[in-house]
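Following: one structure in structure tokens, then a few remarks.
The values are calculated or read from the model by the stated rules, or taken from the named source; none is laboratory data. The structure presented is a predicted model; accordingly, all values stated were derived computationally and were not measured. Every residue, glycine as well, gets a Cβ built from its backbone with ideal geometry; the counts of neighbours run over all protein chains shown. In case anyone asks, the SASA skips ligands and DNA or RNA and just uses the protein heavy atoms, side chains included. Shrake-Rupley method; radii C 1.70, N 1.55, O 1.52, S 1.80 Å.
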Amino acid sequence: VQLQASGGGLVQAGGSLRLSCVASGSSNSINVMSWYRQAPGNSRELVAGSTRGNITNYADSVKGRFTMSRDNAKNTAYLQMNSLKPEDTAVYYCKVRQLFSIVDYWGQGTQVTISS
């Protein structure tokens, strides 16, 4: 499974960005798709995760501001980020796990920078 994340950029605080993650390769059996982020000096943290049945969980820090969605037919996950804050600055990664598997596949990351 190969993952291509895109949509990062530089925006001012209060702005919005939409990230996309497209899975290709042996991607027809994807179950969980997740977004993580890692800020400089910090460990990677879960932002949002969604099962194939569209049960989605969010980190407390992004609830009410971020919305994750996915298009299973296109093996694509999205992360709509609104009301962005400087503390949202990080490299954002997508991760997927296939059905009946414990192997995680990671995308290359996309930089999100929020200026104050």
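Quick check on this structure: which one of TYR58, TYR78 is within 15 Å of LEU19 (Cα to Cα), among the aromatic types (Phe, Trp, Tyr), modelled with pLDDT of 95 or more and in contact with a strand residue (DSSP E or B) (Cβ under 8 Å, 6 or more places away or on another chain)? Show your work before the answer.
Working: TYR58 fails: within 15 Å of LEU19 (Cα to Cα).
TYR78 is the lone residue from the list that is within 15 Å of LEU19 (Cα to Cα), among the aromatic types (Phe, Trp, Tyr), modelled with pLDDT of 95 or more and in contact with a strand residue (DSSP E or B) (Cβ under 8 Å, 6 or more places away or on another chain).
Scan segment 81-102 residue by residue and report those that are at pLDDT below 95 and among the hydroxyl-bearing types (Ser, Thr, Tyr). Steps first, please.
Step one: filter segment 81-102 for residues at pLDDT below 95, giving 97-102.
Matches in segment 81-102: SER101 only.
Please identify the pairs in which a residue from segment 48-77 that is farther than 18 Å from ALA5 by Cβ has its Cβ atom under 6 Å from the Cβ atom of a residue that is open to solvent by 20 Å² or more (accessible area, probe 1.4 Å), counting only partners at least 6 apart or on another chain.
So the pair list comes out as THR51/VAL32; ARG52/ASN31; ARG65/ASN82; ARG65/SER83.
Can you find even one residue in segment 35-46 that is among the small types (Gly, Ala, Ser), within 21 Å of GLY15 (Cβ to Cβ) and either touching a residue at least 40 places away in the same chain (Cβ under 8 Å) or touching a Cys at 6+ places or on another chain (Cβ under 7 Å) (or both)? Please lay out each step first, then the result.
Looking only at segment 35-46, we keep the residues that are among the small types (Gly, Ala, Ser), and these are 39, 41, 43.
Filter again for within 21 Å of GLY15 (Cβ to Cβ), leaving 39.
With the extra rule that they be either touching a residue at least 40 places away in the same chain (Cβ under 8 Å) or touching a Cys at 6+ places or on another chain (Cβ under 7 Å) (or both), the set shrinks to 39.
Yes, segment 35-46 has at least one match.
For segment 103-115, does any single residue satisfy the condition of being buried (at least 19 other Cβ atoms within 10 Å of the Cβ), under 14 Å from SER6 (Cα atoms) and modelled with pLDDT under 95?
Yes, that holds for at least one residue.
Out of the residues in segment 52-72 that are assigned to a loop (DSSP other than H, G, I, E, B) and open to solvent by less than 40 Å² (accessible area, probe 1.4 Å), which is farthest from VAL32 (Cα to Cα)?
First, pick out the residues of segment 52-72 that are assigned to a loop (DSSP other than H, G, I, E, B): 52-55, 59-65.
From what's left, open to solvent by less than 40 Å² (accessible area, probe 1.4 Å): 59, 62, 65.
Details: ALA59: 16, VAL62: 19, ARG65: 21 Å.
Selected residue: ARG65.
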